[in-house]
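Asks: This structure is in structure tokens; I'll ask about it shortly.
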Amino acid sequence: MIWKVKGGLKQVNRIGILGGMSYESTIKYYDLILEKYYEKFNDYNYPEVLIFSLNFQKLIDHELGSNKAKYIEYLMSGIKSLEGGGASFIVMAANSPHAVYNDLDNLSKVPILSIVKVTVEKASQENMKKLLLLGIKFTMQNTFYQDNCKELGIEVITPSNEEQDVIDKIIFNELVIGFFKQESKERLLRIIEKYELDGVILGCTELPLILTQNDTKIKLLDTMQIHVAATLDYYLSLE
């Protein structure tokens, strides 16, 4: 939207969130962006935020299906809606759609701020060389984190197939609908503590809802927190 102001025109900058993947993490994204803004400035001039919430089941079906073009098309339907609402840039409130990030970024009319790139940059800044990737099976069995980390000399490993099944079930059967069980937290921590590494990528934006840095001495890369901080920084750079 263009607002008329004295002396000319001023563009209103807006953050676009592509969410619904799941609603639990989408809500947290919105909450954290405004919370971090207030912590920084102590005023109510919050960023204008647009949210487009995708149909989670449709997203899962396309993600696990064999038609990549349909997957991209569905994600782009949400991105186009955010563009139409005046989003200055877009963040996808999930890790897994970044499997097709380059396709989406090429098709989008506005920048898409990658959760993968900002997380990998954070790992590099902290001189991490070996990371364990946790997430849904789709994310753990893809290579988009490995590909981005390889450029910076960082090795990414994934849990065993059996452990991947456990993590995937915890995410889809519990976390995405707001169930947080102590038993599940302990199972996740046991998996993490089996490996020798510099840190863990919480490569699902629901995982930080059950795991925090206070739970383990192993460094956790909270992709949601990292992405939100980068989102606010990017928004402020547009001012």
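Asks: Out of the residues in segment 21-68 that are small (Gly, Ala, Ser) and touching a residue at least 60 places away in the same chain (Cβ under 8 Å), which is surrounded by the most Cβ atoms within 10 Å (Cβ to Cβ)? Step through it out loud before you land on a result.
Replies: Step one: list which residues in segment 21-68 are small (Gly, Ala, Ser), which gives 22, 25, 53, 65-66.
Pick out the ones that are also touching a residue at least 60 places away in the same chain (Cβ under 8 Å) and you get 22, 25.
Values: 22: 25, 25: 23.
Among them, the one singled out is 22.
So that you can scan it fast, the table gives a plain yes or no per residue for (1) under 15 Å from the mean Cα position of the chain (by Cα); (2) loosely packed, with under 15 Cβ neighbours inside 10 Å; (3) under 25 Å from residue 57 (Cα atoms):
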residue: 76; (1), (2), (3): no, no, yes
residue: 85; (1), (2), (3): no, yes, yes
residue: 96; (1), (2), (3): yes, no, yes
residue: 99; (1), (2), (3): yes, no, yes
residue: 109; (1), (2), (3): no, yes, no
residue: 116; (1), (2), (3): yes, no, yes
residue: 127; (1), (2), (3): no, yes, no
residue: 134; (1), (2), (3): yes, no, yes
residue: 141; (1), (2), (3): no, yes, yes
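Asks: While we're here: Is there a residue being more than 19 Å from residue 224 (Cα to Cα) and hydroxyl-bearing (Ser, Thr, Tyr) anywhere in segment 47-64?
Replies: no
Asks: Okay, moving on. Here is a list of conditions, (1) polar (S, T, N, Q); (2) outside the structural domain of residue 188 (by TED's automatic domain parsing); (3) closer than 15 Å to residue 202 by Cα, and residue 108 meets all of them except one; can you say which number that is?
Replies: Of the numbered conditions (1) polar (S, T, N, Q); (2) outside the structural domain of residue 188 (by TED's automatic domain parsing); (3) closer than 15 Å to residue 202 by Cα, the odd one out for residue 108 is (3).
Asks: Which of (1) in a helix (DSSP H, G or I); (2) touching a residue at least 60 places away in the same chain (Cβ under 8 Å) is the odd one out, the single condition residue 145 does not satisfy?
Replies: (2)
Asks: Could you grab me the full set of residues in segment 169-193 that are closer than 21 Å to residue 20 by Cβ and among the polar types (S, T, N, Q)? Can you show your working first?
Replies: Kept after step one, since they are closer than 21 Å to residue 20 by Cβ, are these residues of segment 169-193: 169-180.
173, the sole residue that qualifies.
Residues are listed down the side, and each one gets a yes or a no for (1) out of contact with any helix residue (DSSP H, G or I) (no Cβ under 8 Å at 6 or more places or on another chain); (2) among the small types (Gly, Ala, Ser); (3) not in a loop (DSSP other than H, G, I, E, B):
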residue: 176; (1), (2), (3): no, no, yes
residue: 185; (1), (2), (3): no, no, yes
residue: 188; (1), (2), (3): no, no, yes
residue: 195; (1), (2), (3): yes, no, no
residue: 200; (1), (2), (3): no, no, yes
residue: 204; (1), (2), (3): no, no, no
residue: 208; (1), (2), (3): no, no, yes
residue: 211; (1), (2), (3): no, no, no
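The values are calculated or read from the model by the stated rules, or taken from the named source; none is laboratory data. Bear in mind the structure is a predicted one, so any value in this text is a computation, not a measurement. Counting neighbours? That spans all protein chains shown, and the Cβs are built from the backbone with ideal geometry, glycine included.
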